[in-house]
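Scroll down for the structure; my scribbles are underneath it.
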Amino acid sequence: MYVLPSFAFAHKDWDGPLEEYRLSVDTLKQVNRLFSCYKGTHNFHNFTSQKGPKDPSANRYIMEMYCEEPFIREGMEFAVVKIKGQSFMLHQIRKMIGLVIAIVKGYAAESIMERSWGEVKVDIPKAPGLGLVLETVHFEKYNQRFGNDGLHEALDWAEERDKIAAFKEEYIYPTIIETEKNEKSMANWLSTLTVHDFDATSSEIQTNEQKNGKDDGSGEDSD
């Protein structure tokens, strides 16, 4: 899951105080429509580093991705993005979220999503690492094969759901929210979206990365 302040989805022309932003029903529908586009198998070579479009391992299967109803903590509105997939690559989730944010805010056209799965290099922003949490490990294949064989127990967290929810409320959410309010990682990152060229060619992206000293593969948090 990924916890973020809802002002991340505010249109770029919105000029009110960030902490006063509230996610509208229509914007939430747009966000979830875009997240649903990720479902299925796609080539995510543009969403990670050091993988080319011909690399079979860049193909990943996403089962679901959606943004839950927002909630207010300490006067600021937050939301939780849930994503379930078979496996993820370095930076993939953060870039999936970053691209949707760029589209909703009006920096990029929706057509960039289809283009990003093609062979061309696409400039995709990487959302901050703060807020990214591994919530659940799924063992569905194992359970289907061994869970009912009389020798093994199914691996699931059904009996622990209440404890997990309480732990998130007591420790995970407060830590993320306090850090965001103090360090403003999302607010600071949003200001960098203007330097991305969402219509750039492969050669232009490489030139910009060299000029900015950008390297997605060194010392960054992974997904």
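The values are calculated or read from the model by the stated rules, or taken from the named source; none is laboratory data. Remember, predicted model here, so these are calculated numbers, not experimental data. FYI the Cβ positions are ideal-geometry reconstructions off the backbone, even for glycines, and counts take in every protein chain you see. Calculation scope for accessible area: heavy atoms of the full protein, side chains included, ligands and nucleic acids excluded. Shrake-Rupley method; radii C 1.70, N 1.55, O 1.52, S 1.80 Å.
Odds and ends about this structure:
- For the criterion of being open to solvent by less than 50 Å² (accessible area, probe 1.4 Å), within 20 Å of GLU135 (Cα to Cα) and assigned to a helix (DSSP H, G or I), ARG60 fails.
- Looking across the range 28-44 at every residue that is free of Cβ contacts under 8 Å to residues at least 24 places away in the same chain and not in a strand (DSSP E or B), the one that is least open to solvent (accessible area, probe 1.4 Å) is identified as ARG33.
- Residue match in the range 29-38 (condition: of a type in the set (A, V, I, L, M), at pLDDT 95 or above and in contact with a Ser or Thr (Cβ under 9 Å, 6 or more places away or on another chain)): no
- Lone qualifier among ILE93, ILE72, ILE83 - being among the β-branched types (Val, Ile, Thr), out of contact with any Gly (no Cβ under 6 Å at 6 or more places or on another chain), at negative phi and not in a strand (DSSP E or B): ILE93
- Matching entry among GLU20, GLU64, GLU68 (being within 19 Å of SER6 (Cβ to Cβ) and within 16 Å of the chain's Cα centre (by Cα)): GLU68
- Residue within the range 116-133 that is open to solvent by 50 Å² or more (accessible area, probe 1.4 Å), more than 18 Å from VAL195 (Cβ to Cβ) and either at pLDDT below 95 or more than 18 Å from the chain's Cα centre (by Cα) (or both) present: yes
- Filter result for TYR66 (in a strand (DSSP E or B), within 22 Å of ILE172 (Cα to Cα) and open to solvent by 70 Å² or more (accessible area, probe 1.4 Å)): yes
- Being surrounded by 16 or more Cβ atoms within 10 Å (Cβ to Cβ), modelled with pLDDT under 95 and under 19 Å from ALA79 (Cβ atoms) is a property that does not hold for LYS105.
- Screening LEU23 with (1) surrounded by 13 or more Cβ atoms within 10 Å (Cβ to Cβ); (2) part of a loop (DSSP other than H, G, I, E, B); (3) modelled with pLDDT under 95 gives one miss only, at (3).
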